[in-house]
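Student: Before I ask anything, let me first share the structure, which is written out below as structure tokens.
The values are calculated or read from the model by the stated rules, or taken from the named source; none is laboratory data. Every value quoted in this text rests on a predicted model; they were computed, and no experiment measured them. For neighbour counting, all protein chains shown are included, and Cβ atoms are generated from backbone atoms with ideal geometry for every residue, glycine included.
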Amino acid sequence: GGMLAVVVLLLLAAAGPGRAERDVLREELLLSPLPDGDVAATFQFRTRWDADLQRGSVSHYRLFPKALGRLVAALGVRELHLALTQGFWRTRVWGQPPLQAPAGAELWVWFQPTVTNVDKAWKELSNILSGIFCASLNFIDSTNTVTPTASFKPLGLANGTDHHLLRYAVLPREVVCTENLTPWKKLLPCGSKAGLAVLLKAERLFHSSYHSQAVHIRPICRDASCLAVSWELRQTLTVVFDTFSSGQGKKDWSLFKMFSRTLTDACPLASQSKVYVDISPKNKEKELLEVTPPPTSVHEATVQGDKRTYAVYDLLSPSLFNTSRSLNVQLKWKRPQDSSDLPTPVLHAQRYVSGYGLQTGEISTLIYNTHPYRAFPVILLETVPWYLRLYVHTLTIITKGKENKPSYIHYQPAQDRKRPHLLEMLIQLPANSVTKITIQFERALLKWTEYTPDPNHGFYVSSSVLSALVPSVIAMKDVDVEHSPLFTSLFPSSDGSSYFVRLYTEPLLVNLPTPDFSMPYNVICLTCTVVAVCYGSFYNLLTRTFHVEEPSRGGLAKRLANIIRKFRGVPPL
Amino acid sequence: QFQLTVPVAVVFAPGSVPGDLPRPLPFRDVQEMELSVNLRTTVTSRYETIYRSTTAEEEAALGAATAREADAALHLLQDTSLGSLTIYVVPETSSLLPQGISVYVGKHRSALVRAGGGLATLRTRLQQLTQVMSFTASSITAALSDRVPDGQLGPAARRHLKSSLGYEITFSLLNPDPKSHTVEWDIEEAVNRYVQPVLDKLSLVANFSVDSQILYYAVLGVTPRFDKESSSFLLSAHSLPHVINPVEARLGSSAASLYPVLNFLLYVPERSHSPLYIQDKEGAPVSTNAFHSPRWGGIMVYNVEAPSSPQASLPLHVDVDMVRVMEVFLAQLRLLFGLSREELPHEFLLERPGNEGLADWELDRLLWAHTVENIATVSTTLTSLAQLLDKIGNIVIKDDVASEVYRAVASAQSAMAELAVGHLHSAFQASKEAVTSSERAFFDPSLLHLLYFPDDQKFAIYIPLFLPMAVPILLSLAKIVRETRQHKKEPTKMD
């Protein structure tokens, strides 16, 4: 009897999605004042669709954008993460980001095991995405694509993590601007007409220190029992406003000052629409800041190993718009805050290129672990284009003056014009330490067609990626993902004692030996001129007829002489 | 240079044979008609007719009570190859056809014609009938519209979709005002019930994929005018062209395929603009409240009934009546495929296609037109490819491109041959292959003409050589000219 009931339940679950396809939209804005006075605003829009996109039968879309849904179904995508970023998140000053992305465009995709030709699907996918987002993702090819083995694990539901189904590429040169934002906004069910997306005004968003927009698609469990799959689309946008300099030295800000708009309503399609403001007390002192209007509730959470307090404005609660028609969240500091003691994040990194001349150079990466007593491992992923030839024997990892042997190394050498270098290492970072990783390289000579239009600007080397489980100072509770705020729930938390962090270092700009591109033309011009001059005199020699010149009346000198002779009374010449 | 052959069988029921037949039954007859599209293209249509009398089974089938039953019974007896027609001539007094109707076109590839009036009237009727059921001059010119000089095409010819290997049909529900309306439509059910049968039938012509989406805050590009008399909003016909553009940006063409997209939009006007009616050119409201855009799709405005009490809570829940909507969309779909019923003499009766939405002979019409269009497309593609190759002398033709070109030519020729014999199905298949091959050859990335260095730029680089060399030559030429002129002048001076 019990068995039968289970079978019936399973059948019901299988038949269920056809009838009652539910899709839910949640929108959220997190405003967090950064230690140095800037303000970070993180928008997250999450569409959850209780339907199995992969089965191919689904073709009727409601909240989920059709363009992306068809893409996922047609190309066998299991997980897709695309980020377009302008600027660099300064981890040391701004702290751990909720979601960091490398400068430029970053795309990483897990394909379904049913996809036979992953490279072809990857090429097709990047071309289509390039069309959807008006970005030059079509420049993703085998020379900048890698298959990391350890750094990028699926964030969603996955059975088996065969890394041959993963592709990762970064285009550090990509410039992100309005034309990328518009298609991104178009994917939102409410567009930019209602809800939090009203604030997304391009001229303000790109007038900022950091702008990063991303799309994450992944399958997730439909419920706790996880018998069926739902698809989740997260659209995130992070922007950092320099309120300190634009606000005449004051660190106070308001929604209107930052976005030149205020919120008037929630998106009518959203089942949740909230604004979170980080009002965590700094340095265990009394609250220094004041937010107006009074929040509807206060939410406490442990985020990235730190206890934080958030003022919450629920746009769906009718009491919020009772007093005034629009919501303009304002934050005022009661006392000028001393910005001398910035809390340093537990993990941060820095990278630079050194050396002189145009033949060899050295890439150095410094990784800081500022945790007072805990050591933890970090996975470092380096992707270096083929025209910088890495000398792996020069790889040195030094911590506290001693050599630090990585416990795992995966190195895939580059092939000229085919694939980049891939270096992945698992490095143990002792407590309170700095680890320096250096590797030398030689610059290759490119063919003259391979140079970019502005070769003297230099060539970008994409950011290296640090993934780590950072031990938390305070214990974290396991929370229900569905009910916690969105900004805490993209990365899966493993257990209560540590949290996942992914950091990107600075992209590098390397000068390659660059020829003088006008040289061939100069040579042509010069030789042509010489040839033409020779030809001219030959031509003259050959075509002129020569005849004896009859004596004429003479030149100027003769006439002058004659005038003088006249005066002297001597007969002229 | 097209020759299209339609096999026609004319079957005489007992008592319907006209007295003035030239020969005793059965016999064969061929009629040809010529149509010139432009100076170089002519289409010859050839009707190969067999005249015979009914067999015993056919006679029994014709004994049915109504034309519809007879049609169904006769369908089992016919040869069912695409493109062939069977016409049954029934006695003048037959009760099969209703009063006043002398031609009945069935759901399949047959028709019933009432005898009477001798051979001449029968001939003209047969001619009309075969044209209705296969192709007319206008349907062929529409298919060859690329070659017809401008201004000679009617508006109907421009409406037709281009022939393609596949089409994507997208149904979009536009809800510009989600705050006051929650609109729901059971599109999945409606597609399965109404659209899929038609597409199954059309699957012979092309691949179809159907999807749907709901777009919020998508508004039309025109603000409708308020009409005080009817207290409604009106969209006049001349403003309709401006309606689509802002919506189009939201529709999102499918990036994943290259097939043309047919858009069908259901627009639920916002509360402040409803009810909304479309006016035709004379100012009368359009009964379906819908319009279509040639080669693009159709739009239907679906008005939400105002709530009985003004205090009704917002948002208002709206369930779309899919029968009404699908009726309009299917009619538009037929229009876009050029399957609209043409003006026919009043004695013609067409059977309603029923659940399938499409009669067999209508499918044939589509196939005739698409085959001709495909062949024309192939020849245009290959001609422009040849022009490109003529322009760039040093272009590299890879072997696979060459073989695609050969295959396209061979397929196009075999399609022409099959058309001339009257095998519509194999002709269409061959023409499809020809299109695929020719497109593949034409769009091969190695044939991008930007890849090749243009000759005029090579010349420009060597200007520093040519210019100084040209100067003495030109100078001496000028000198020669001057001298010859002086030579001519001198003799006149002597006189």
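Student: Kindly indicate whether any position in region A:562-571 is surrounded by 13 or more Cβ atoms within 10 Å (Cβ to Cβ) and either touching a residue at least 60 places away in the same chain (Cβ under 8 Å) or among the β-branched types (V, I, T) (or both).
Tutor: Here is the first cut: in region A:562-571, the ones surrounded by 13 or more Cβ atoms within 10 Å (Cβ to Cβ) are A:562, A:565.
If we keep only those that are either touching a residue at least 60 places away in the same chain (Cβ under 8 Å) or among the β-branched types (V, I, T) (or both) as well, we get none.
The answer is no, given that none of the residues of region A:562-571 is surrounded by 13 or more Cβ atoms within 10 Å (Cβ to Cβ) and either touching a residue at least 60 places away in the same chain (Cβ under 8 Å) or among the β-branched types (V, I, T) (or both).
Student: Separate question: Does region B:44-103 hold any residues that are surrounded by 15 or more Cβ atoms within 10 Å (Cβ to Cβ) and in a helix (DSSP H, G or I), and which are they?
Tutor: Within region B:44-103, B:E58, B:A61, B:L62, B:A67, B:R68, B:A70, B:D71, B:A72, B:A73, B:L74, B:H75 qualify.
Student: For region A:133-152, state whether one or more residues are within 14 Å of another protein chain (Cβ to nearest Cβ), surrounded by fewer than 22 Cβ atoms within 10 Å (Cβ to Cβ) and free of Cβ contacts under 8 Å to residues at least 40 places away in the same chain.
Tutor: Start the filter on region A:133-152 by keeping residues that are within 14 Å of another protein chain (Cβ to nearest Cβ), which leaves A:133-135, A:137-138, A:141.
This time we only want the ones that are surrounded by fewer than 22 Cβ atoms within 10 Å (Cβ to Cβ), so: A:134, A:138, A:141.
Still in the running and free of Cβ contacts under 8 Å to residues at least 40 places away in the same chain: A:138, A:141.
Taking every residue of region A:133-152 in turn, at least one turns out to be within 14 Å of another protein chain (Cβ to nearest Cβ), surrounded by fewer than 22 Cβ atoms within 10 Å (Cβ to Cβ) and free of Cβ contacts under 8 Å to residues at least 40 places away in the same chain.
Student: Just checking, which of B:D71, B:D79 is more than 16 Å from B:Q128 (Cβ to Cβ) and either of a type in the set (F, W, Y) or at pLDDT below 75 (or both)?
Tutor: On the way: B:D71 fails: either of a type in the set (F, W, Y) or at pLDDT below 75 (or both).
The conditions single out B:D79.
Student: While we're on this one: Is it the case, given these coordinates, that A:L381 is among the aliphatic types (A, V, I, L, M) and at pLDDT 90 or above?
Tutor: On the way: among the aliphatic types (A, V, I, L, M): yes; at pLDDT 90 or above: yes.
Yes.
Student: Read through the list (1) within 14 Å of chain A (Cβ to nearest Cβ); (2) surrounded by 20 or more Cβ atoms within 10 Å (Cβ to Cβ); (3) modelled with pLDDT of 85 or more, then give the number of the only condition that B:L251 fails.
Tutor: Failing condition for B:L251: (3).
Student: Another question, then. In this structure, does B:T41 turn out to be at pLDDT 80 or above and either in contact with a Phe, Trp or Tyr (Cβ under 9 Å, 6 or more places away or on another chain) or among the hydrophobic types (A, V, I, L, M, F, W, C) (or both)? Before you say what the answer is, go through the steps one by one.
Tutor: Working: at pLDDT 80 or above: no; either in contact with a Phe, Trp or Tyr (Cβ under 9 Å, 6 or more places away or on another chain) or among the hydrophobic types (A, V, I, L, M, F, W, C) (or both): yes.
No: the conditions fail for B:T41.
Student: Of these, A:R46, A:R92, A:R62, which one is crowded, with 19+ Cβ neighbours inside 10 Å and either out of contact with any helix residue (DSSP H, G or I) (no Cβ under 9 Å at 6 or more places or on another chain) or part of a loop (DSSP other than H, G, I, E, B) (or both)? Steps first, please.
Tutor: Numbers: A:R46 fails: either out of contact with any helix residue (DSSP H, G or I) (no Cβ under 9 Å at 6 or more places or on another chain) or part of a loop (DSSP other than H, G, I, E, B) (or both); A:R92 fails: crowded, with 19+ Cβ neighbours inside 10 Å.
So the residue among A:R46, A:R92, A:R62 that is crowded, with 19+ Cβ neighbours inside 10 Å and either out of contact with any helix residue (DSSP H, G or I) (no Cβ under 9 Å at 6 or more places or on another chain) or part of a loop (DSSP other than H, G, I, E, B) (or both) is A:R62.
Student: So the check is Cβ under 6 Å with 6+ separation or different chains; which pairs have a first residue in region A:95-109 that's closer than 14 Å to A:P148 by Cβ and in contact (Cβ under 8 Å) with a residue 24 or more places away in the chain and a second one that's surrounded by 22 or more Cβ atoms within 10 Å (Cβ to Cβ) and of a type in the set (K, R)?
Tutor: A:V109/A:R167
Every residue, every condition in (1) closer than 22 Å to B:L316 by Cβ; (2) exposed (fewer than 14 other Cβ atoms within 10 Å of the Cβ); (3) touching a Cys at 6+ places or on another chain (Cβ under 9 Å), yes or no:
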site	(1), (2), (3)
B:D211	no, no, no
B:Y216	yes, no, yes
B:K228	no, yes, no
B:L234	no, no, no
B:H242	no, yes, no
B:Y259	no, no, no
B:P269	yes, no, no
B:S274	yes, no, no
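Student: Of all residues being under 21 Å from A:C226 (Cα atoms) and loosely packed, with under 13 Cβ neighbours inside 10 Å in region A:469-500, which is modelled with the lowest pLDDT? Just the residue, please.
Tutor: Looking at residues that are under 21 Å from A:C226 (Cα atoms) and loosely packed, with under 13 Cβ neighbours inside 10 Å, I get A:S494.
Student: Scanning region A:166-208 for residues that are more than 13 Å from the chain's Cα centre (by Cα) and among the hydroxyl-bearing types (S, T, Y), which turns out farthest from A:K257 (Cα to Cα)?
Tutor: Checked region A:166-208; the qualifying residue farthest from A:K257 (Cα to Cα) is A:T182.
Student: Then there is this: List every residue pair whose Cβ atoms lie under 6 Å apart, where the two residues are 6 or more positions apart in sequence or sit on different chains, the first residue falls within region A:448-467 and is touching a residue at least 24 places away in the same chain (Cβ under 8 Å), and the second residue, located anywhere, is surrounded by 17 or more Cβ atoms within 10 Å (Cβ to Cβ) and small (G, A, S).
Tutor: Close Cβ pairs (under 6 Å, with a partner that is surrounded by 17 or more Cβ atoms within 10 Å (Cβ to Cβ) and small (G, A, S)) amount to A:V465/A:S151; A:L466/A:A349; A:S467/A:S151.
Student: Restricting to region A:68-89, and then to whatever is surrounded by 22 or more Cβ atoms within 10 Å (Cβ to Cβ) and in contact with a Ser or Thr (Cβ under 8 Å, 6 or more places away or on another chain), can you tell me which residue is nearest to A:G156 (Cα to Cα)?
Tutor: My answer is A:A83.
Student: Within the group B:S209, B:S203, B:S239, which residue is within 29 Å of the chain's Cα centre (by Cα), within 14 Å of chain A (Cβ to nearest Cβ) and small (G, A, S)?
Tutor: On inspection, the qualifying residue turns out to be B:S209.
Student: Would you pick out the residues in region A:500-522 that are closer than 30 Å to A:F88 by Cα and not in a strand (DSSP E or B)? Before the answer, list the steps.
Tutor: Quick first cut of region A:500-522, residues closer than 30 Å to A:F88 by Cα only: A:500-514.
Passing the criteria: A:T505, A:E506, A:P507, A:N511, A:L512, A:P513, A:T514.
Student: Scan (1) outside any helix (DSSP H, G or I); (2) in contact with a Phe, Trp or Tyr (Cβ under 9 Å, 6 or more places away or on another chain) for the single condition A:F546 breaks and write down its number.
Tutor: Condition not satisfied by A:F546: (2).
Student: With the structure loaded, tell me whether B:Y47 is aromatic (F, W, Y) and in contact (Cβ under 8 Å) with a residue 60 or more places away in the chain or whether it fails that test. Quick ask: steps written out before the conclusion?
Tutor: Numbers: aromatic (F, W, Y): yes; in contact (Cβ under 8 Å) with a residue 60 or more places away in the chain: yes.
It is true that B:Y47 is aromatic (F, W, Y) and in contact (Cβ under 8 Å) with a residue 60 or more places away in the chain.
Student: Among (1) more than 13 Å from the chain's Cα centre (by Cα); (2) surrounded by 22 or more Cβ atoms within 10 Å (Cβ to Cβ), which single condition is B:L389 missing?
Tutor: It is condition (2) that B:L389 fails.
Student: Right, next: Select from region A:153-180 the residues that are touching a Cys at 6+ places or on another chain (Cβ under 7 Å) and crowded, with 16+ Cβ neighbours inside 10 Å and write down the one among them that is nearest to A:P420 (Cα to Cα).
Tutor: Restricting attention to region A:153-180, the residues satisfying the condition of being touching a Cys at 6+ places or on another chain (Cβ under 7 Å) are A:157, A:179-180.
Next, only the ones that are crowded, with 16+ Cβ neighbours inside 10 Å stay: A:157, A:180.
Details: A:L157: 30, A:N180: 27 Å.
Within region A:153-180, the match that is nearest to A:P420 (Cα to Cα) is A:N180.
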